[in-house]
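The next block holds one structure in the form of C-alpha cells; read it before the comments.
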Amino acid sequence: MKLFNRSFLLLLAATFFYMLSLSMGNPIIAGFAGELGGSGVVMGIAGGMLNICSLCCRPLAGNAVDHYDRRKLAMLGLGAMIMSNAGYCFCKVPICLILFRLLNGAGFAVSSITLSTSVGASLPPERIGSGMGIYGMVQAVSMAFAPSIALWVSDMWGYRIAFAVSGAFALTAFVIIFLQGKGAEKQDLLSSQHVKKQFIAREVLPTALVVMLVTLPYSALSAFIATFAANRALSINVGLYFPLYAIFLIAFRVVFSRFFDRWKYSRFVLICAPAAAASLVVVNFMNGLAVMAAAALLMALGYGVLVSVSQANGIRKVSISHQGTANSTYYIGLDLGLAGGPILAGFFYTHLGSQYMFLALAAVPLLAYGVLAVKGKSL
C-alpha cells in the first residue's frame, strides 16, 4: 500500500475543509452571542460549549467508530456541523445559539474521531507516523488561516454570512466523504463485529496525558497572547503568530519526516516538551516580531510536532478494531488541554499578572517528563 493512496488523499481534503469550518466558528461565536444580547457570561458559555460537549461525546463516538460504518458516521458528524452552522444563521436569541453550539460539538466529536481513524486505517502500518504527521499538518494549516477568514468575512458582511461560509466548508467535506465510496470500510467492519465494547483505551491514557500537558500552554497562549501584548503596549500584529506557527510546523514536518516512523515516542517527548516550555518563556520577553516568530517556532516544535506523533503512538498501541477508541482517548486529552488552558491562564493572569503568567505556565509541559519517568521507553 502506498502512503499517498486515493483514500488517504481524499481524507486529507475532507479534513482540510472540516477543520476550516470548525476553526472559523471559534473566534466569532462569542462576539455573535454578544450581538444577540448575551452577557459576558453567556458569551463565555457559547465559546466553551463546543469543547465541553465534544469531550462528553468522545467515549461514545470512539466506541461507535469501532463498531459501525465509519463513512456513514463521518457524514453524520459533518451533517451535524452543517446543520449547526445553518442554525447560527437564523438565531435570534443567545440560548438558540448555545443549543446549536451543542450540536456543533457533537458533530465535531464524531467527525474528528471518524476521520482520524479512517486516516490511520488508510496508511501502511510502517508509515503510520509519517501519515499522521501529514494529517496533523493539514489540520494545523486549516486552524492557522481559518480565524483570519472568519474575522474578515464577519467584518465585511456580518456574523451570519461568516457562519454560512463555515457551513459551506463543512458541506464540501461531506461531499468528499460521500464521493469516497464505501468499499474501504467493509473489511474493518467485519473484523470489529465481535469486538468487546470499550469506551477508553487504557494503554493510550499516558499518551493522552502528555497531549493534555502540552496542549494546556498552547491553548493558553492562543487565548491570551493578544491580551498580553495589549497590557505591555506592544506594537505587534499578534495575528501573525498563527500563520507563522503554521509555516514553522510545515517546516518541522519536512525536517522530521524521516524520523516519525523510526524514533521512539519517548525521544519526541524529551525534545518537544522543553521546546513548548521555552516558547512561553520567550513570549514573556516578547518585544517585537522576531521574538514572536521565535516563540511560534518553538511552539510548533513543542506542541505541533508532539501532538501528531502522539496520535500515531496511540494508534500503534491498539489493534485495528480498537483504533476508534484509541483516537477517542487521544482527543479527550486534547479537549482537556484546549478547554483547560484558557482557564489556567486566567487563574495565573488574575493572581500573578501578565508579567509572570507565561513563566508559570512554562512549568506545565515539563510535567510530561514525569509521565516519561513512570512509563519509561514503553510510553
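E35 sits with roughly 120 Å² accessible to a 1.4 Å probe, with DNA, RNA and ligands left out of the calculation.
Solvent-accessible area of segment 211-318 (1.4 angstrom probe, protein heavy atoms only): carbon and sulfur portion equals 66 percent. Residue order by solvent-accessible surface for T350, T114 is T350, T114, largest first, with ligands and nucleic acids left out and a 1.4 Å probe.
Each of Y218, Y356, Y18 has its accessible area taken with a 1.4 Å probe; listed largest first, they run Y356, Y218, Y18. By residue number, which cysteines of the chain lack any other Cys whose Cβ falls under 4.7 Å from their Cβ? By the Cβ distance rule, which asks for a partner under 4.7 Å, the isolated cysteines are C53, C56, C57, C89, C272.
Given that just one value was derived from the coordinates, which of [x] 1.04; [y] 0.94; [z] 1.09 is Cα Rg over 2.2 N^0.38 Å? Here the calculated entry is [y].
Legend: residues R101, R258, sorted from most to least accessible area (1.4 Å probe; ligands, DNA and RNA excluded), read R258, R101.
Computed with every protein chain present, the accessible area of C57 is close to 40 Å² [probe 1.4 Å]. Given the C-alpha centroids of segment 353-379 and segment 319-341, what is the distance between them in whole angstrom? Centre-to-centre (Cα) distance: 19 Å.
Pairs of Lys residues in the chain, spaced 8 or more positions apart or belonging to different chains, with C-alpha separations under 21 angstrom: 14 in total.
Measuring with a 1.4 Å probe in the full set of protein chains, what accessible area per residue, in whole Å², belongs to the chain? Mind showing how you got there, number by number?
Values: 15470 Å² over 379 residues.
Per-residue accessible area for the chain comes out at 41 Å².
Helices that extend 24 Å or more along their long axis by alpha-carbon positions and average at least -1.0 on the Kyte-Doolittle scale are, among the DSSP H runs of the chain, 6-25, 40-67, 70-89, 94-121, 128-157, 159-180, 205-231, 265-284, 323-352.
The values are calculated or read from the model by the stated rules, or taken from the named source; none is laboratory data. Keep in mind that this is a model prediction, so the values were computed, not measured. Here Cβ is always computed from backbone atoms with ideal geometry, including for glycine, and neighbour counts include all displayed protein chains. Each accessible area value is taken on the protein alone, full model and side chains, heavy atoms only, with ligands, DNA and RNA left out. Shrake-Rupley method; radii C 1.70, N 1.55, O 1.52, S 1.80 Å.
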